[in-house]
Structures are given as structure tokens and as C-alpha cells.
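The values are calculated or read from the model by the stated rules, or taken from the named source; none is laboratory data. Everything quoted here is computed from the prediction, not taken from an experiment. Neighbour counts run over all protein chains shown; Cβ positions are idealised from the backbone, glycine included.
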Amino acid sequence: MLARLLYNEIDPLTDPYWNDMRNRDHSKSFSAVSDFIRQNAHRMKRPGKRRKHITWALVILLPLLIFYSCTKQTYIEPQKATLSFTANDSILSTLDLTIHQFADKNWRAMLHPHAGSMYGTISAPSESFAQLKAFAEKLKSMQGVTELYLSAVSTTVEESRLSRLSYKIFNRHVDAKESTAEQLRTAIEKKLLEADLQNLKLELTKANGGTALRLVPNEKTRDFSINFTLPDGTTVTAVAEKW
Amino acid sequence: MSRTAEHLIVLLEPHYNSALQYCRGLYRNGKDAEDGLHDAIIGAIQHFKSLRDASKFKSWFFTIITRTFYKSKGRQAGSNRIFLPLQENHHALPEVYGEDSSEGREKILLEALDTLNKKERTAILLFEIGGLSLEEIRKIQKEQSVSAIKSRLSRARLKLRNSILEIENIKYNEGGYHVSKTFIQ
């Protein structure tokens, strides 16, 4: 009280109100509350029991979690899709218009006119595969398009769940191990031989820091479908149709 | 040291009355105050064994009452939620406040306390009713400095004073409670 007086904390207006509240006696109910405490004594918790449980749970779960998140898994990741086609030179403007209708900014289109016909290649990321397929369907319906090749490339990636999660969260790029051109050629030719498609001419070109492959059918082999995995884990699916 | 219910009762007895007064001041009506006290006592029973220093029992128990009050305010704020946690049965606690018998100046004070926010309300009640030091209030309210508590108390006093004057003026004009005019001037 003295301290409160010294610090001028007693307000002559409000203090009588506080005094009324302070003077209210509730102690009659103490014995009943004491009985209530005795009745509920079983609710007393042992101190630190919860912390012990959490520690034990962590000791058991943490190594399991580390093991689970760091074990390497094999995933197949689609990488890109390529559409190659041959068409008559006369439909260039229609073709150009159709490409502009379907293409998005991630597509790469190349058109090479040569002696009255035109050879075109469109590369798109794997996410646009459905759109590229729709574009291929549209080309099928166009007169003047003579050949159409649609291929999808996917890569087998071996990585831990943690790494994959960080890839998904931070969109971190994972590079698959790349094979040399010779390794690729040997592996592809072996696969072609196994599929009885040795008549296909294989072209490997270095582009954008990677290797692009192109299978060119000759007159005898027009329609083919092949699916194989390269030594670096890349899966190649190539379908060619002529109509 | 192994603590039992008897230890809790012994430690509670000297502070029982002020704890009940504090609890009554926190809540709008006697029923809510009883519910709050019930929860606080249950909390005290549950965590009593983790109380290290018996000399700090008072501020420990008042902290529990304050936290219970904050929680109940949080529950009120989220009362429009679709799913509400199941409440425990409160019938086991004996009636401590009885019928809401607060009258006269006490009733006016409770009305005026309603105009304060929860932190101002707890701070001023802890100081005036609980008799806790500024440092103890600082710890309960988890503030960085004592000066924050001082300014909170000063703000609360001013608000309370204005509210009391306003209520008294209305009551006086209505010919309700008779209040000594010396306090109003």
C-alpha cells in the first residue's frame, strides 16, 4: 500500500470501487473447493513425462525418417516430345497459322523448305505433350502433309525422396548422366537390330548441350514404332506413320 | 519433492480469496467466472508437480487463471466455427460465487472493466486485486519490459476512470445507485 501511495497509484475516484471488490469474502467455499481438489488428485501429471515421451518418439522416429527420406528411388521423368513432319510447300501459310494456333512459348519450331516440299521439326517440353499430340491430329487432317513422326523422350532418374521433394518445392533441375555419342549410337543400333528395324538411318547431332537423335526411315520401312531405354536411363519412344 | 493434493490445498489457502476476486473481475458474469476458475483449478492440479518453487505459487496460480481467461476469450472469438472442441463437464466444481450478487460499486467496476481489452483488464486486476508486482505481471503477460506494463496500467486506469464517471453519471441521473459526489468531482 505504501509503495502504491508513493508511486501515486491510488486513484481517489476508483479506489473505493477496488476496495469493495477486495473486501468481498469468498473464503466460505474453500472447504468445498479443497474437497474438489482431493477428488481430482488423480489428474496430477508426472513432471517431464510428456517431454520424455516426445524424446523417445524422436529417438525412434528420426532415424526411420532419415532412412526413408535418403533411400534412393528410381523415377521415370518425361523430358520432351518431338514432332517431325514433311509437307508440300504450297500449304506453308496454312501450316504457319496452325502452328501459331497451337504453339506456346516453350515450343521450338523449325521449317526447312527443300525442292517443293518442306521438312519441319517441333520440340516441346513434356508438359505440352498433350497439346503437341492435338497439333499432330490437326496435321493429320490437313491435305498436303505426307509424313508425321511423334516421339516422346523420358529419363530414368535415381534420386532420394528428400532430393525429389526439394526438386518439387524449389524446382531444382536434375541432370541425368549423359552418355557419349558413341555409346548412344552403339546402344541404339543394337536396339534397332533387336526390333528388326536395321533399315532406319540413325542421325545424332549435338545441340543445346545435349544430343538429339533422329531416326530416318527408308522407302521400305515407313511405319514403325519403337520403345527402348538408353544406357544413361533415357527412354525413347518413337512412332512413325505414313498415310 | 513429491507433491500431493494436500500440498496444493495448503499453498492455495492464503491466496484463495484474492484468486476468486481476480477470477470474478476477469469474467463478465459469475457463471463464466466459475467455469474459468474450474478450468484454472484443473490446470493447477495437472501441472502442480512441475511447480519447482513453492514460494512462487501465487504468481504461478494467477498465471494459470490468466491463461485460462485468454483461452476462453479465444474460444469466444472462434464461436462461429463449425466444429468446436468438446467441453468437459463442469458440474463437479462447487458453487463459489452463487447468484450474481455483485452490487453497488462492485457492479459498476465490473461494468467499467468490460470496456478494457483483455491485456489491460488482466494487468489492472493482477495489480489491484492480486497485488502482484510489476515484474510478476510482466512475466505473466510475457512482455519485454516493465515500462510496457506501467503504460498499460496507466492507460487502463484512465479508461476505467472515464467509464466509471460515465456509468455513474447515467446512474445518478436515472436515480439509481447513490454514489458519494466527492468521488465524482
Has the stretch B:63-81 got any residue that is in a helix (DSSP H, G or I), modelled with pLDDT of 80 or more and within 14 Å of chain A (Cβ to nearest Cβ)? yes
Taking the stretch A:46-105, which residues are of a type in the set (A, V, I, L, M, F, W, C) and touching a residue at least 60 places away in the same chain (Cβ under 8 Å)? A:Cys70, A:Ile76, A:Ala81, A:Leu83, A:Phe85
Condition (residue is charged (D, E, K, R), surrounded by 14 or more Cβ atoms within 10 Å (Cβ to Cβ), at pLDDT below 80 and over 24 Å from B:Glu135 (Cα atoms)) applied to the stretch B:20-33: is it met by at least one residue? no
Given A:Tyr68, A:Tyr75, which one is over 30 Å from A:Met110 (Cβ atoms), of a type in the set (Phe, Trp, Tyr) and assigned to a strand (DSSP E or B)? A:Tyr75
Residue satisfying condition, being part of a helix (DSSP H, G or I), closer than 18 Å to A:Thr82 by Cβ and at pLDDT below 75, within set A:Leu139, A:Leu184: A:Leu184
If you take the residues of the stretch A:142-173 that are of a type in the set (S, T, N, Q) and assigned to a strand (DSSP E or B), which of them is farthest from A:Lys105 (Cα to Cα)? A:Ser160
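Working only within the stretch B:45-71, note down all residues that are surrounded by fewer than 17 Cβ atoms within 10 Å (Cβ to Cβ) and in contact with a Leu (Cβ under 9 Å, 6 or more places away or on another chain).
Going residue by residue through the stretch B:45-71, those that are surrounded by fewer than 17 Cβ atoms within 10 Å (Cβ to Cβ) are B:46-47, B:50, B:52-56, B:67, B:70-71.
Correct list: B:Ala54 only.
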Restricting to the stretch A:25-83, name every residue that is within 14 Å of another protein chain (Cβ to nearest Cβ) and of a type in the set (D, E, K, R). A:Asp25, A:Lys28, A:Asp35, A:Arg38, A:Arg43, A:Lys45, A:Arg46, A:Lys49, A:Arg50, A:Arg51, A:Lys52
